[in-house]
Amino acid sequence: MSLPQTPYKYSLTQPLYDWHPWNMKWILFFGALIGSGICDRETFSGHQVFRINVRNGDEISKLNRLVNSDNLKLNLWKSPPALGHPTDVLVPSVSLQEVKSFLEDHDLEYSVAVEDLQTILDAEKQEMQHNVHQELSSNCFNYGAYHTLEAIHKEMDNIVKYYPRLVSTVTIGHSFENRSMYVLKFSTGEGRQRPALWLNAGIHAREWVSPATAIWTARKIACDYGKDAIITSTLKKMDIFVLPVANPDGYVYTHTHNRLWRKTRSVNPGSTCIGTDPNRNWNSSFGGVGSIADPCSEVYHGPYPHSEVEVKSVADFIKKHGNFKCFIDLHSFSQMVLYPYGYTATKAQDADELDMVARNTAKALAMLSGTQYRVGSIFSITYAASGSTVDWAYDNGIKYAFSFELRDTGDYGFALPASQIIPTAQETWLGLKTIIEHVRDNI
Ligand SMILES: [Zn+2]
């Protein structure tokens, strides 16, 4: 098949401005939305991220007591405490004194990783505003910036427009608030259920670098087909599906109300708390260790497996398709390549092979700028997590199931500056290609 013609020149190594004929009205509208500030947007002035070290079991239980204290309203940013690795905890300004006193009284080591979260978020917001103006004047999508859901979906259409013989869109369902679950399909073999790879991103709303990396990756796949031997040969044999925003309601909510929202936005009957953790909602050891039955928890597993329509849409699509060989889920942050299981310490049947692929992935990723990723099963190097995406994929016959925790290790955490999007996407691409090549050769 001949290659789609590229009508313009661009580079995926710099903030990318691609021309396309956007309707100015929507850019102005979203610019105004970002600029005006939504009236009830949550602010984080004076909120700090504490990095806490625990040295023994006694300190772990003290820290657990602190983190689980309802009145302090702490928000766990990174892993529950594990020996040898610090935990990052967001502390609201009103709780700072009390938390400091607790840590000092109990002789727990800590440092302040983020001095004032709102300062970082203000800079992020300003950069987005600036970018909207840039895009407005240049009619270009800047791959080095964060975008609204609408802008991402528009750019997906744009990719299809320029690569119509390779790429198409599929709407696999709608979110709780009726937004499209919008997927890009890359295929060179029309009409057949070829072996396929699923790239999932943005299932946790606040992890903005995940959708940004996914849309960059989608563009890169389209761009490299016919030029890069691994991508070209893979697409001769397999289809690739990319879902850049797997939790669209949550993602929109992080733009309009609360930048740190993680869950879906579904209503929980009998509770005033909203949302379910979609990465605990899959039908794989549902409701087990590492998930919580309280709707107010950040890791609430939901009332039943696949209760979240966003999760059900992906699960149904994949099951109906029946020939997925690889599932990759992009999260942030912590810099890790993970594989099943999350719900048990028992090794997965293919653990040795998955570990080898994950190690090669981390090695390839580090080659660009030395970024170090840790590797292991979810359970062994992070924490117990039942009902997770990749466990479901693996338990449903998708052997090559991996989860990435992208940059960084906590200096910015979920508020990773936009200037790191392209470096993150570029190095991740080297890792993804390692997996893709292995899958291509082993199915
Ligand atoms: Zn996540």
Sort out which residues of the stretch 161-189 are at negative phi, not in a strand (DSSP E or B) and not aromatic (Phe, Trp, Tyr), and write them in order of number. Lys161, Pro164, Arg165, Leu166, Ser175, Glu177, Arg179, Ser187, Thr188, Gly189
Can you give me the number of residues within the stretch 225-275 that are among the small types (Gly, Ala, Ser) and outside any loop (DSSP other than H, G, I, E, B)? 3
All-but-one check, Thr371 against (1) closer than 29 Å to Ser111 by Cα; (2) surrounded by fewer than 22 Cβ atoms within 10 Å (Cβ to Cβ); (3) modelled with pLDDT under 95, failing number (3)
Number of positions in the stretch 154-174 that are touching a residue at least 40 places away in the same chain (Cβ under 8 Å) and open to solvent by 10 Å² or more (accessible area, probe 1.4 Å): 9
Quick check: is even one residue across the stretch 220-243 within 16 Å of the ligand (Cβ to nearest atom) and either more than 21 Å from Val170 (Cβ to Cβ) or open to solvent by less than 20 Å² (accessible area, probe 1.4 Å) (or both)? yes
Please find, within the stretch 259-291, the residue that is farthest from Tyr341 (Cα to Cα) out of those that are out of contact with any helix residue (DSSP H, G or I) (no Cβ under 8 Å at 6 or more places or on another chain) and within 16 Å of the ligand (Cβ to nearest atom). Thr276
Are any residues in the stretch 392-413 assigned to a helix (DSSP H, G or I) and either of a type in the set (S, T, N, Q) or open to solvent by 10 Å² or more (accessible area, probe 1.4 Å) (or both), and if so, which ones? Tyr394, Asp395
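The values are calculated or read from the model by the stated rules, or taken from the named source; none is laboratory data. What you see is a predicted model, and the numbers here were worked out from it, not measured in a lab. With ideal geometry, Cβ positions are generated from the backbone for all residues, glycine too; neighbour counts draw on all protein chains shown. Accessible surface areas use protein heavy atoms only, side chains included; no ligands, DNA or RNA. Shrake-Rupley method; radii C 1.70, N 1.55, O 1.52, S 1.80 Å.
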